[in-house]
Each structure stands twice: as C-alpha cells, then as structure tokens.
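For reference, the structure is listed below as structure tokens.
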Amino acid sequence: MRALHQFGRPISVGAAQFGVARPVRARRNSLLIPVFLVALALPFFFFIGPIKMSPYRLILVATFIPCLVAWLSGALGKVRLADILMLCTAGWGAVVLITQHGVEDALQSAGIFVLETFGPFLIARKYIRDYSSFRSMVNALSLVIITILPFSIFENIFGYPILIDFFGKIFHAYPVIGSEMRLGLRRAQGTFEYSILFGIVCSSAFGLSYYVGGATLQRLWRAALVAMAVISSLSSGPLLSLVVQCIMIAWDKLTARLARRWGIFAVIVIGAYFAVDLTSNRSPFHVFISYLTFNSETSYMRVHIWNYGMESVMQHPIWGLGLAAWEHPDWMGSSIDNFWLVAAVRYGIPGFLFIAGSFLAVTFGLGRLKNLSFEAAQSRKGLIITICGLVFSICTVHVWDAPYVLILFLLGSGMWILDSPRETSPLPRSQRIMRR
C-alpha cells in the first residue's frame, strides 16, 4: 500500500483510514552474515569424499542456489555491470580449467572456483540490502579481527600460533609456517595459512571500521585495534593496504570542503606515477616493489616473478595455463606473489580483465552516485577506501581460499548502495561536497 507519514513514522493507508498508526517493520538482519565471517576465520578443514571442505565452503554450498535464484528473479534489485563481470570471472575461469585439464580432472576445481568466486558475491547481494545489515556486517568483521588480536600479539612475542594449534588437535588445520623474525618478533599467522594472508584479511576491516557504525570515539578505537592486528602480521602487503587507506582518509578529512577532491586526488596519483617513470632509471613497478618489501632479496625476487610471469601471459594470452606450472628458472620459487598476475597467468588476459573489471565496476559505480543519505555515503566511502587499499596490497601476494572469498564478499556488500533511495531535498553546497 501507499505509505503516509504521521508524527514522523510511516503508516499504511488502510491503517490511516481507521485511525490506527501501524509502524512499518524494519528488515531483520540475517545471522548468516556473522556466522559466515566467523567461518572464514576458522583455521581447519575436512574432507567429504575426495572434496576438501571447510566451514565457509559449507555455507557457500548451502546458499549458492537460493542466492542465484533470487538474483535471477530480480529480487536483489537491478542486474548491474559488476554482477555480469563477476559471473563472467567465475564462468571463464571454469571454462579455462576444463579446457586445459579436461572434464574428469578439472570438474571439481572448476566447481570450487565458481562457488568461491560468484558465491560470496551473491551472499552479500542477498543478505546485505540496506545500511542496517551493512553496519551489522562491518561490526561482525571488526569483532572477528579484534577477537584474534590478543592471540596474534601472543604469537608475536612467544612465537606460537595457539589458535591453529588448538583447532589442529581436533581437526585438520593449516600448518604452522616457520617465518623469519622481523623487528625481534614472529610474524603473526593468526588463523590463516600465512602471516601475509592474515594481515590482508585484517586490513579489509580498517576503512570500514573507521567510517561505519557507532560514535566517533568508538569507531576510532575499533579502527586502531584493527590496525594493530594488521601490524602484528609484520608483512609489507597488509601494511601497504593500511598506509593507502590512511592516506585516503587523511585526504578525505583535509579536503572536506574542496569540490571535485577525489578527481584531484586521482590526478595527483597519476602525476606521481609519471614523475617516477621520467626521473628514475627503473620502471615505476620496480620502484614500487623495492619500497614495499622488508628486505632486498624479496624485492629482487618479486621483480623476476613479474618479468617471467608476463612472459607466460604473452605466450598464453587467451586461455592461460590453468593450474599447470608456469615457466620460470629452477632457482625461483613456484609461487607468484601477485594476485593480478596470477589471474592473467592462469586464466589469460580475459580472466584478468573480468576480475579487474569487477573491482572497477563496483568502485566507479558507487563513486558516481549523488544525493546519497549520510549513512549510505559513509558506507560508500569506507568500502571504496578499503577496496583501494586491497587492490594495492594484493599486488604483493596471491590470495586464495578464505581471504579470496572475503574480498569478493566485500565487493558484493556495497551493491545495496546502488539501489538505496536518494535524498530529493536540496542540501547546502558545503554538505553536498562533504558527502562525496
């Protein structure tokens, strides 16, 4: 029914005719999202037949078809470019794996890739449909990370990942990785496979914690605790994400009344790139990598990974290599410490364009919106800043399993903003600028 307003609360037309004010019930936040985020942080797995399963995969399996049906039916709002690109990422990856390795050998891998690529995006699309559910998600994500923080500090000091050891006594758990000491501390692994993955996951909550939910002091304390968790990983990629987000937050605060400030910020970043290119005898990428590592050996190796990886992309530009080994010298390790490069090596240039296009479609799609409510604008700002930090940090590491799923889940978590109601009443120019 058409809604009327009485004393600031919406009532239905039928209720108004009988003089009864019936408040419209708010959407109840789903408990699935906090459970899903906790499941992502659990460090154990098990097998159902030959299939390796984990708590978060069980949730993805149980929700994939219902979420897909809801999306196809139009119940989740308009189908947008980011939806199509994410679907193409999942579909193209599955096609590449089956083409390169055959149906019999690659069907399971292809199914898991589709499940972990499109599944978390759809979960976010279905269960995060307004500011209340988005705020609940941010609170849950921050709480999960802050809960792990004391254990990560213990690990820094005493060199022992007690959470992984605890779950390992009951289930198959991730192995404890012996990493080098940095600054006299062990790099915290938390509840993930590597310390750098733990740091990436923690950094995904920093910008969101700063902007979304609670009073200012509460948000500052929460963001500070998340930052401590990032730092406990003692890894360059997560620290880069933290630095990028801090720079963008500082720019947001310092230029609150400046028109077109994010366009100016983009021009400054692009100008800095070309300045490095013109004044250095190394490429901007090489300079970038050299300043993002704790030691020169790691920097040297990442430059070679990039060079040999790009050779592989040029040799297999369309279909990539799938899960086959990439060509590199024997003295190099087999891992490719760059998410974007892995996408191109495994799934060819189309695979890279689909996943990169998904990130761009979300950020630019949200960035062009106008006349958002204050809550939606803050949510958009926190999410875009978080995504920007993650985009840079995964240039230094490949992400898979739970960290990969979390990043794609976060991409989908902001799609509700595209369908959120706009404010129609004109605002003063200063307020319009501050919401950008």
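What follows draws every value from the coordinates through simple rules; no lab data is involved. Quick caveat: nothing in here was measured; it's all calculated off a predicted structure. Note that each Cβ is placed from the backbone with ideal geometry, even for glycine, and that neighbours are counted across all protein chains shown.
Over what distance in Å are the Cα centres of region 184-255 and region 70-133 separated?
About 28 Å separates the Cα centre of region 184-255 from the one of region 70-133.
Gaussian network model of the chain, Cα springs within a sub-10 Å range: biggest mean-square fluctuation belongs to which of Ile59, Ile264, Ile387?
Residue with maximal mean-square fluctuation among Ile59, Ile264, Ile387: Ile264.
log₁₀ I(q)/I(0) of region 31-434 at q = 0.06 Å⁻¹, via Debye over equal Cα point scatterers, no solvent, to two decimals?
Evaluating at q = 0.06 Å⁻¹ gives log10 I(q)/I(0) of -0.24.
Can you tell me the relative contact order of the chain? Whole percent, Cα pairs under 8 Å, sequence separation 6 or more.
20
Full-extension gain between Ile349 and Tyr160, please, as 0.36 nm times their residue separation minus the C-alpha to C-alpha distance.
The Ile349-Tyr160 span can extend by a further 63.9 nm.
So, by mean Cβ neighbours within 10 angstrom, what's the order for 406-412, 61-67 with the highest one leading?
Going from most to least packed, we get 406-412, 61-67.
Tell me the net charge near Phe171. Cut-off is 14 Å between Cβ atoms, Phe171 excluded, with +1 for each Lys or Arg and -1 for each Asp or Glu.
+2
Report ³J(HN,Hα) in whole Hz for each residue of region 312-329, in order, from the Karplus equation J = 6.51 cos²θ - 1.76 cosθ + 1.60 where θ = phi - 60°; Gly and Pro get x.
Karplus values, whole Hz, x for Gly and Pro: 5, 4, 5, 7, 9, x, 9, 8, x, 10, x, 9, 5, 5, 8, 7, 7, x.
In degrees between 0 and 90, to the nearest 10, how far off the longest principal axis of the chain does helix 401-413 point, with axes built from Cα atoms?
30
In degrees between 0 and 90, to the nearest 10, how far off the longest principal axis of the chain does helix 374-393 point, with axes built from Cα atoms?
So the inclination is approximately 10 degrees.
Taking Cα atoms, how many degrees apart are the long axis of helix 55-73 and the longest axis of the chain, rounded to 10 and kept between 0 and 90?
Orientation of helix 55-73: about 50 degrees from the principal axis.
Modelled label-to-label distance, Lys78 and Asn281, 7 Å Cα→beta-carbon offset: nm?
Label-label distance for Lys78 and Asn281, simple model: 5.4 nm.
Where is the GNM fluctuation largest for the chain (alpha-carbon springs, 10 angstrom cutoff): Thr191, Thr363, Thr99?
Of Thr191, Thr363, Thr99, the most mobile in the Gaussian network model is Thr99.
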